[in-house]
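The block underneath contains the structure these notes are about, expressed in structure tokens.
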Amino acid sequence: MIKKIFSHSLIYAIGPQIPKVIGLFLLPLLTPNLTRNDFGIWGTIMAYTMFFTSARDLGLTVPLLNSFYKSKQRWVWVWRQIIAYLLSFGVFIAVAQGLLLFFVFPESASKDKVLIISFLTIQCLLFDVPILIGTRYFQILEKPVGISIISIFSGLLSIGIQYYCIVNLKMGYLGWFYANFISIGAMALCYLLVLLKLKFYPIFSFKYLKPRLRVALPMIPHNYSSYLLNSSDRVILDFYKIPISQIGLYNLSYMWGNYMEVLGNAIGTAVGPMYFQLFNEEKNNKVLKSYYLTDFLQALFVVGSFLVAIWSKELFSLFIKNNNLIEAYSIAIVIVMSYSYRPLYWGIVNKMQFEENTRRLWKISFFSGMLNVVLNLILVPFFGFKVVAFTTFFALIYQGFIGYTFKENRNIIKRGKLLFWLALILFSTFLAFFYKDSSILFKTVISILSLSLCFVYIRKSIKILISK
């Protein structure tokens with residue numbers, strides 16, 4: 001079990017994220033050529049765009065996948081119809097997105113308004129569907145290597161274009177939009193060639209659209225949770241006319257959270273099947289290995305997040321070569337620690353999915369997103385842009401713990417253990433923030449102590465997980 005977590009299963013999960021990791025090491029070269037405004041313009045525009053892309057699939061991936069497993073003779077025909085639905089819906093999305101961007105576009109980037117809106121419109125119309133269908137095709141065939149190869153190719157292309165446009169051509173924020181458009185286009189072309197080879201041509205027949213939407217549309221609130229938690233804050237900051245430079249500072253600090261999310265998604269992808277296997281075994285086994293898997297991962301995540309948070313000042317100094325941007329490290333501490341809840345979330349969500357008790361999943365995901373939005377709307381006018389880091393922290397912690405309060409889930413983890421993890425996350429966040437400017441020697445000592453305590457704590461979980 002432990003070997004799987006740290007070996008081949010993680011290779012498949014992390015493979016597509018390699019370019020993002022490389023992009024981290026590109027920051028020292030990019031940041032001297034960027035300003036707070038550049039980060040603010042990029043973050044604000046993409047936040048408005050993601051409002052639409054979060055619902056781009058209409059939840060149709062559910063009938064898409066179900067048709068493959070339940071209609072072996074007709075699934076290709078169903079997929080071709082869904083392709084037509086998504087292409088048609090893309091026209092409405094593109095128009096609505098373009099109109100919204102036209103009116104909310106940052107004034108400081110107005111000279112590039114037409115170009116950027118054109119890039120995003122073309123992506124919505126032509127690129128999104130091949131990528132969506134292509135990735136699902138490789139997933140159902142259990143061929144993650146294909147997805148990894150295309151993702152790595154696209155990501156490396158994006159990195160190269162970013163460097164050329166931002167460092168060589170001094171294009172600032174516009175370099176990101178060129179890199180995004182070209183790399184996403186290249187990814188779409190790769191998947192399109194696969195779909196054309198398979199003759200997945202769209203069938204524009206809407207006879208069965210209504211029953212499929214009846215199944216698909218309830219997924220939209222769940223899909224929107226990620227947007228509400230991770231991107232809506234930029235929209236709210238813009239709504240309250242927070243200066244674009246301050247939005248940029250927050251957007252830069254959130255990049256550290258994005259890297260934590262990348263790591264979390266990778267490990268989550270790897271351990272998901274393990275949870276299902278353990279849940280199945282536990283029917284006839286009194287040892288609840290799934291509990292110890294969650295406990296093991298949670299300890300690693302809290303300590304790992306704490307180490308990144310307490311060393312954030314030094315990490316920013318290493319990767320951010322711009323004195324006007326380094327101060328974002330203090331906000332990054334809170335955002336990084338907000339992602340330390342992830343294993344608790346996986347434990348409860350995978351359990352509910354395994355038991356086909358999904359009717360309340362949206363109360364975990366969508367409610368936490370709405371909580372984040374409501375808190376931001378109330379608090380930003382009083383406390384400014386930095387408060388959104390704390391509201392995100394609160395909403396994400398809520399997402400990790402609230403599922404265990406449902407009646408059917410109260411026996412999965414004892415209340416005392418949940419309180420222990422909550423207290424540890426809060427204490428670690430306070431400790432990292434309070435000692436963020438301490439000496440290197442002090443941070444080294446507390447880091448070694450944290451790792452030692454973690455190792456002592458997880459020994460029992462490791463022993464149980466590796467047992468037959």
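The values are calculated or read from the model by the stated rules, or taken from the named source; none is laboratory data. As the structure is a prediction and not an experimental result, all values here were calculated from the model. Don't worry about glycine lacking a Cβ; one is built from the backbone with ideal geometry, like all the others, and counts go over all protein chains shown.
Brief remarks on what is shown
- Any hit, the range 269-283, residues being in contact with an Asp or Glu (Cβ under 7 Å, 6 or more places away or on another chain), surrounded by fewer than 22 Cβ atoms within 10 Å (Cβ to Cβ) and closer than 20 Å to residue 353 by Cβ: no
- Residues being at pLDDT below 75 and touching a Lys or Arg at 6+ places or on another chain (Cβ under 8 Å) - total across the range 12-28: 0
- Matching residues, the range 68-121, being among the polar types (S, T, N, Q) and surrounded by fewer than 20 Cβ atoms within 10 Å (Cβ to Cβ): 71, 73, 88, 108, 110, 118, 121
- When each of 349, 380 is tested for being β-branched (Val, Ile, Thr), more than 27 Å from residue 239 (Cα to Cα) and surrounded by fewer than 22 Cβ atoms within 10 Å (Cβ to Cβ), the lone residue that passes is 349.
- Candidates are the residues of the range 237-260 that are over 30 Å from residue 311 (Cβ atoms) and touching a residue at least 12 places away in the same chain (Cβ under 8 Å); the one that is surrounded by the most Cβ atoms within 10 Å (Cβ to Cβ) is 238.
- The conditions of being closer than 23 Å to residue 387 by Cβ, of a type in the set (A, V, I, L, M, F, W, C) and either in the same structural domain as residue 227 (by TED's automatic domain parsing) or within 16 Å of the chain's Cα centre (by Cα) (or both) are not met by residue 267.
- If the condition is being modelled with pLDDT under 90, assigned to a loop (DSSP other than H, G, I, E, B) and not hydroxyl-bearing (Ser, Thr, Tyr), then the range 203-245 contributes 203, 204, 206, 207, 217, 218.
- Neighbours by Cβ (under 9 Å, 6+ apart or cross-chain): first from the range 315-341, free of Cβ contacts under 8 Å to residues at least 24 places away in the same chain; second polar (S, T, N, Q) and surrounded by fewer than 24 Cβ atoms within 10 Å (Cβ to Cβ): 326/317
- Residues in the range 451-468 that are assigned to a loop (DSSP other than H, G, I, E, B) and under 31 Å from the mean Cα position of the chain (by Cα): 466 alone.
- Per-region count, the range 170-189, residues surrounded by fewer than 18 Cβ atoms within 10 Å (Cβ to Cβ), out of contact with any Leu (no Cβ under 8 Å at 6 or more places or on another chain) and among the hydrophobic types (A, V, I, L, M, F, W, C): 1
- Residues that are closer than 14 Å to residue 307 by Cβ, loosely packed, with under 13 Cβ neighbours inside 10 Å and either within 24 Å of the chain's Cα centre (by Cα) or free of Cβ contacts under 8 Å to residues at least 12 places away in the same chain (or both) within the range 419-450 comprise 442, 444, 445, 448, 449, listed in sequence order.
- Residue 370 being in the same structural domain as residue 231 (by TED's automatic domain parsing) and modelled with pLDDT under 90: no
- The one condition in (1) over 30 Å from residue 112 (Cβ atoms); (2) in contact with an Asp or Glu (Cβ under 6 Å, 6 or more places away or on another chain); (3) among the hydroxyl-bearing types (Ser, Thr, Tyr) that residue 208 fails to fulfil: (2)
- Listed here are the helices (runs of 4 or more DSSP H) enclosed by the range 49-131 that have at least 2 residues being in the same structural domain as residue 171 (by TED's automatic domain parsing) and under 24 Å from residue 205 (Cα atoms): 61-70, 75-104.
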